[in-house]
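Let me begin by presenting the structure, written as structure tokens, before commenting on it.
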Number of protein chains: 2
Amino acid sequence: MELASLPVALDAMGGDRAPGEIVAGALDAVHGGLPVVLVGPTDGRLGDVGGLEILPASEVIEMKDDPGRAVRTKKDSSLVRAAEAVRDGRASAMVSAGNTGATMASALLRMGRLPGVFRPCIATPLPVPGGSPTVLVDAGANADCQSEWLLQFARMGAAFYRARYGAERPKVALLSIGEESSKGSLLVKETHERLAAARGRFEFVGNVEGRDLLAGEADVVVTDGFTGNVALKALEGALRTFMTVLGGVMNATDETKAASEVLLPGLLEAAAPLDPESTGGAMLLGVKGVCIISHGSSSRRAIVNAIRVGHDLAARDLTGTLAASVAEGS
Amino acid sequence: MELASLPVALDAMGGDRAPGEIVAGALDAVHGGLPVVLVGPTDGRLGDVGGLEILPASEVIEMKDDPGRAVRTKKDSSLVRAAEAVRDGRASAMVSAGNTGATMASALLRMGRLPGVFRPCIATPLPVPGGSPTVLVDAGANADCQSEWLLQFARMGAAFYRARYGAERPKVALLSIGEESSKGSLLVKETHERLAAARGRFEFVGNVEGRDLLAGEADVVVTDGFTGNVALKALEGALRTFMTVLGGVMNATDETKAASEVLLPGLLEAAAPLDPESTGGAMLLGVKGVCIISHGSSSRRAIVNAIRVGHDLAARDLTGTLAASVAEGS
């Protein structure tokens, strides 16, 4: 595999904690045997990069920038240059914790869509305690969708699941507000029919509800990008609320603090799979290259995981697998 | 207030734990000074009702029944008779933990819509640790919506919030996938414009995201019934997952069990507001009467809370308040 020998292009200036945590993650990744090239300014702003190669990029796309405009006007930004590195065969994959919209736009405009893809979509692995993650597609790329796009999200989501987690025939479910095929929006009812009639390397297991997202009911859950993003962030918010409440109880008195110390090792172990930082971030499916969208708050550990996932999926030819899955439907 | 002296009509046969827990809840409510009339069979199926009045209804709408068909064909069902009791001035409010769709259909068909209401919607209070609940509208009545309906949901949600929690000018937010008005689906962008331009007894505070739902960012969060239901159930699922994980850690060894006992009182106190049973259930807004939709798994405690909320809101003339809020927009 040629791609396995190429480095992962890391947007050194993307993310709330860039460039410090990003560069630190790159160094950890290289230390762990993963090939990385930083993309960013060469004027010293990246600090000590420990001898890592830097692909030069003088501009920075900020979180607040309009994605489309930023990609058009900041042609020498770290984000755009990272996407170009994949396009030009200088990197196996790109990773950014920066502006999500601009990451999608860079990948779409510089790498281009895979043939036959209506719209690229975001696949986000959701943690399932005691099981493999469930992949949510679309987790936010397309706010308004058509049913044939959702069918294609299902195909691409299944291909991604296969490449990432190894199931031969992933179970695909449709997110709705009741298990019956008669329930849901017009879009969902139409999509249900398409999924039930579709042939391909996945098994359609019917509708699931919001409460099933963390229960491991399916390998892939398909929805439009608006609903998917709301659901994803609702889960994040619930987790944060619960942690805050639990933390308050644990720190209430000296007695509860002492009791909490007994529980802490088990809690940390149980919470590890729930930590979004451990999943390696979200993935843009449907472009000609591997593009990982990390959380804006990514730490060095999250960056290492994202680099590892990007490297592995490029080596396993995710892009070819996706192209084949899209062709299934034509 | 005439309505304050009328009993709440309780569907004795609705809910996973009916009739046992439902009747038990009715008896607790009466013991607490709340007037209740049971609606259900008089053939002894309700067991010992402790002398409570029963409005006779020989049929039962099951969870699996098609809502529209069930309401048309089971004219002597407890659910339909409960709605008729409100319509006929024999009860101040109705409460059911049964088939949600059939509860909505019964209320809509027997009580009728308030003048000017496009579509009734479901308002569900979400718990906010350390604060007042945030009311989510629509939490599941209308899977496909138009922006003018959403504006009306905002008006009715604000009126409900005012009647229930007492704020003079509730803060209304729109659920989206970014805070900027340019983010979201076409429906959301249109609704944002309508809300920003609307006058009425609420303050529009802009968009919120899924992660803000439990954070107390707004008094009322408006969305379509598909997104609202998915988000609500995602929160429920996350909570359940977290409780399962925590329970596993607490029960792992004798040592962790002992430590957990120290934390338990604080945990129970902190968890109480997160318990959906404490909020009294969801409310159907936009019909000519107070209709409470309790969770299918409602315990006697949930039923008592639902009866109390139904009684109080009828006494505070929720229906008149809603009618006035709808008229604001015309």
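The values are calculated or read from the model by the stated rules, or taken from the named source; none is laboratory data. Computed from a predicted model, the values in this text were never measured in an experiment. Every residue, glycine among them, receives a Cβ derived from its backbone with ideal geometry; neighbour counts consider all protein chains shown.
Listed here are the residues, each with its yes/no results for (1) within 24 Å of the chain's Cα centre (by Cα); (2) on the phi > 0 side of the Ramachandran plot; (3) not assigned by TED's automatic domain parsing to the domain that holds B:His311.
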{"residue": "B:Pro7", "(1), (2), (3)": "yes, no, no"}
{"residue": "B:Met13", "(1), (2), (3)": "yes, no, no"}
{"residue": "B:Ile22", "(1), (2), (3)": "yes, no, no"}
{"residue": "B:Val30", "(1), (2), (3)": "yes, no, no"}
{"residue": "B:Gly33", "(1), (2), (3)": "yes, yes, no"}
{"residue": "B:Leu38", "(1), (2), (3)": "yes, no, no"}
{"residue": "B:Gly44", "(1), (2), (3)": "no, yes, no"}
{"residue": "B:Leu52", "(1), (2), (3)": "no, no, no"}
For the range A:161-168, check the following and say yes or no: at least one residue is within 29 Å of B:Ser176 (Cβ to Cβ) and within 13 Å of another protein chain (Cβ to nearest Cβ). no
Only one residue in A:Pro120, A:Pro129 is touching a Lys or Arg at 6+ places or on another chain (Cβ under 7 Å) and in contact (Cβ under 8 Å) with a residue 60 or more places away in the chain, so which one is that? A:Pro120
Quick count over the range B:177-200, residues being among the basic types (Lys, Arg), modelled with pLDDT of 95 or more and over 17 Å from B:Trp149 (Cα atoms), is 0
Being within 8 Å of chain B (Cβ to nearest Cβ), surrounded by fewer than 23 Cβ atoms within 10 Å (Cβ to Cβ) and either among the acidic types (Asp, Glu) or more than 28 Å from B:Leu126 (Cα to Cα) (or both) is true for just one of A:Glu148, A:Glu236. Which residue is that? A:Glu236
Can you confirm whether A:Gly40 is in contact with a Ser or Thr (Cβ under 8 Å, 6 or more places away or on another chain), buried (at least 24 other Cβ atoms within 10 Å of the Cβ) and farther than 18 Å from A:Gly289 by Cβ? yes
Considering each residue of the range B:240-296, count those that are over 30 Å from B:Arg87 (Cα atoms), in contact (Cβ under 8 Å) with a residue 40 or more places away in the chain, more than 8 Å from chain A (Cβ to nearest Cβ) and in a helix (DSSP H, G or I), and give that number. 1
Take the residues in the range B:169-226 that are more than 19 Å from the chain's Cα centre (by Cα) and of a type in the set (Ser, Thr, Tyr); name whichever of them is nearest to the other protein chains (Cβ to nearest Cβ). B:Ser185
Checking B:Val221 against (1) assigned to a helix (DSSP H, G or I); (2) within 23 Å of B:Ala282 (Cα to Cα): exactly one of these is not met. Which one? (1)
Is the range A:151-159 home to any residue that is of a type in the set (A, V, I, L, M, F, W, C), assigned by TED's automatic domain parsing to the domain that holds A:Ala196 and either modelled with pLDDT under 95 or closer than 29 Å to A:Leu38 by Cα (or both)? yes
Number of positions in the range A:51-72 that are β-branched (Val, Ile, Thr) and farther than 25 Å from A:Asp28 by Cα: 1
Residues located in the range A:73-88, provided they are over 22 Å from the mean Cα position of the chain (by Cα) and in contact (Cβ under 8 Å) with a residue 24 or more places away in the chain: none
Residue satisfying condition, being surrounded by fewer than 21 Cβ atoms within 10 Å (Cβ to Cβ), under 19 Å from B:Met111 (Cβ atoms), touching a residue at least 24 places away in the same chain (Cβ under 8 Å) and among the hydrophobic types (A, V, I, L, M, F, W, C), within set B:Leu27, B:Leu6, B:Leu34: B:Leu6
How about the range B:67-86: which of its residues are modelled with pLDDT under 95 and closer than 20 Å to B:Arg17 by Cα? B:Pro67
Cβ-Cβ below 9 Å, separation at least six or inter-chain, first residue in the range B:307-330 and modelled with pLDDT of 95 or more, second surrounded by 23 or more Cβ atoms within 10 Å (Cβ to Cβ) and aromatic (Phe, Trp, Tyr): which pairs? B:Leu313/B:Phe160; B:Leu318/B:Phe160; B:Thr321/B:Phe160; B:Leu322/B:Phe160; B:Ser325/B:Phe160; B:Ser325/B:Phe202
Of these, A:Val249, A:Val230, A:Val326, A:Val245, which one is outside the structural domain of A:Ala4 (by TED's automatic domain parsing), over 15 Å from the mean Cα position of the chain (by Cα), of a type in the set (Val, Ile, Thr) and buried (at least 23 other Cβ atoms within 10 Å of the Cβ)? A:Val230
Just give me the residues in the range A:294-303 being buried (at least 18 other Cβ atoms within 10 Å of the Cβ) and within 14 Å of the chain's Cα centre (by Cα), in sequence order. A:Ser294, A:His295, A:Ser298, A:Ala302, A:Ile303
The number of residues in the range A:123-161 that are out of contact with any helix residue (DSSP H, G or I) (no Cβ under 7 Å at 6 or more places or on another chain) and in a loop (DSSP other than H, G, I, E, B) is 4
What's the total number of residues in the range A:178-205 that are outside any helix (DSSP H, G or I) and either out of contact with any helix residue (DSSP H, G or I) (no Cβ under 6 Å at 6 or more places or on another chain) or surrounded by fewer than 24 Cβ atoms within 10 Å (Cβ to Cβ) (or both)? 15
From A:Ala259, A:Ala323, A:Ala234, which residue is within 20 Å of A:Arg119 (Cα to Cα) and touching a Leu at 6+ places or on another chain (Cβ under 6 Å)? A:Ala323
If you go through B:Ala91, B:Ala143, B:Ala105, the only one that is of a type in the set (Gly, Ala, Ser) and in contact with a strand residue (DSSP E or B) (Cβ under 8 Å, 6 or more places away or on another chain) is B:Ala91
